[in-house]
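Quick notes on the structure that follows.
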Amino acid sequence: MSLVINNNLMAMNAARNLSESYSALSNSVRKLSSGLRVSTAADDAAGLAIRELMRSDIAALNQGVRNANDAISLIQTADGALGVIDEKLIRMQELAEQAATGTYNSDQRLMIESEYQAMASEITRIANATDFNGVHLLNGNLSGSAADHDGTGPTSEGPMKVHFGTGNDSAEDYYYISIGTATASALGVGNSARADSAGYTISTQSAAQHALEGLRNAIISKDKIRANLGALQNRLENTVSNLRIQSENTSSAESQISDVDISTEMTEFVRNQIKTQAGVAMLSQANSLPQMALQLLQG
């Protein structure tokens with residue numbers, strides 16, 4: 001290589017190598033400070049695309065867990081109200097049993113009838129008043145089959161659709177919660193029911209005897225609603241467990257793509273740091289080489 005003063009090729013070569021080493025050092029600092037192996041598309045274009053899809057699935061799965069837990073709270077609210085209704089029905093059956101015996105006269109049965117009808121009215125009040133976040137649960141708004149669900153309006157009608165999956169597949173991502181009507185008329189007790197209902201009144205001995213059968217059927221109807229709610233709650237709890245496992249495993253896969261291996265990247269950082277320091281030293285030396293030509297000129 002000739003000794004020239006117009007172009008310092010060794011300095012140019014040292015500067016290029018220094019620039020490459022410094023750029024690699026900068027990338028290592030960015031990865032170590034952020035904890036991400038892939039923070040820009042330039043790091044890994046395919047990995048970035050896969051990571052973002054996984055992140056969207058993780059966010060949807062975590063929200064699905066919250067949706068399912070909200071539905072569990074709704075079911076528990078309905079079941080709690082049905083527990084109170086259960087107490088009222090048991091008291092009504094006790095009153096019917098009392099009125100069915102011949103040791104009471106008509107006036108006394110009317111007094112028993114007064115409490116009986118008050119219990120029926122309370123059942124209806126509880127059924128109409130029980131709601132979760134403004135959604136009435138026991139008044140029949142959520143009764144019916146999945147085919148009766150209509151979610152096109154501002155307020156959905158029919159069984160409640162609980163969505164928890166990342167897509168919109170009925171076999172995988174959602175199902176419906178249907179809750180039967182628990183008003184006194186629907187259960188067939190009290191004077192709000194049809195006049196020919198067995199549990200309509202206990203004002204006479206024969207009516208009270210007839211009401212015992214009607215109250216038994218009402219309790220069975222109420223128990224069917226509670227049993228269905230219990231099955232739904234168990235199903236939702238299993239759904240929550242499965243969603244959490246999916247989210248955890250997807251997060252693990254996303255971490256493999258996205259997160260930086262600190263030990264490996266720290267090794268790269270030290271290597272690039274040494275190369276950068278060496279590049280700076282060699283560039284300084286290369287910049288001083290043209291001064292040799294001055295010695296020839298001065299000699």
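The values are calculated or read from the model by the stated rules, or taken from the named source; none is laboratory data. Computed from a predicted structure; not experimentally measured. Counting neighbours? That spans all protein chains shown, and the Cβs are built from the backbone with ideal geometry, glycine included.
Assorted remarks:
- Search result, residues across the stretch 95-106 that are assigned to a helix (DSSP H, G or I), more than 10 Å from LEU215 (Cα to Cα) and within 57 Å of the chain's Cα centre (by Cα): LEU95, GLU97, GLN98, ALA99
- Any chance ALA208 is of a type in the set (A, V, I, L, M, F, W, C) and within 30 Å of LEU61 (Cα to Cα): no
- Being part of a helix (DSSP H, G or I), touching a helix residue (DSSP H, G or I) at 6+ places or on another chain (Cβ under 6 Å) and buried (at least 17 other Cβ atoms within 10 Å of the Cβ) is a property that holds for ALA211.
Results for (1) buried (at least 17 other Cβ atoms within 10 Å of the Cβ); (2) closer than 21 Å to ILE85 by Cα, shown as yes or no for each residue.
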{"site": "ALA120", "(1), (2)": "yes, yes"}
{"site": "ILE126", "(1), (2)": "yes, yes"}
{"site": "ASP131", "(1), (2)": "no, yes"}
{"site": "LEU137", "(1), (2)": "yes, yes"}
{"site": "ASN141", "(1), (2)": "yes, yes"}
{"site": "SER203", "(1), (2)": "yes, no"}
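- Residue, farthest from the chain's Cα centre (by Cα), within the stretch 223-262, restricted to residues that are outside any helix (DSSP H, G or I) and surrounded by 15 or more Cβ atoms within 10 Å (Cβ to Cβ): VAL260
- Among the residues of the stretch 143-180, those identified as of a type in the set (Val, Ile, Thr) and surrounded by fewer than 17 Cβ atoms within 10 Å (Cβ to Cβ) are THR152, THR155.
- Test: residue in the stretch 172-180 that is closer than 20 Å to LEU137 by Cα and β-branched (Val, Ile, Thr): yes
- Index of the failed condition, ALA147 passing every other in (1) modelled with pLDDT under 95; (2) part of a loop (DSSP other than H, G, I, E, B): (2)
- SER39 satisfies every condition listed in (1) modelled with pLDDT under 95; (2) closer than 30 Å to SER247 by Cβ; (3) part of a helix (DSSP H, G or I) except (3).
- Yes/no for SER263 being closer than 30 Å to TYR176 by Cα and either without any contact (Cβ under 8 Å) to a residue 12 or more places away in the chain or assigned by TED's automatic domain parsing to the domain that holds ILE72 (or both): no
- The stretch 157-190, residues that are in a loop (DSSP other than H, G, I, E, B), of a type outside the set (Val, Ile, Thr) and closer than 22 Å to LEU82 by Cβ: GLY158, PRO159, SER178, GLY180, ALA182, GLY188, GLY190
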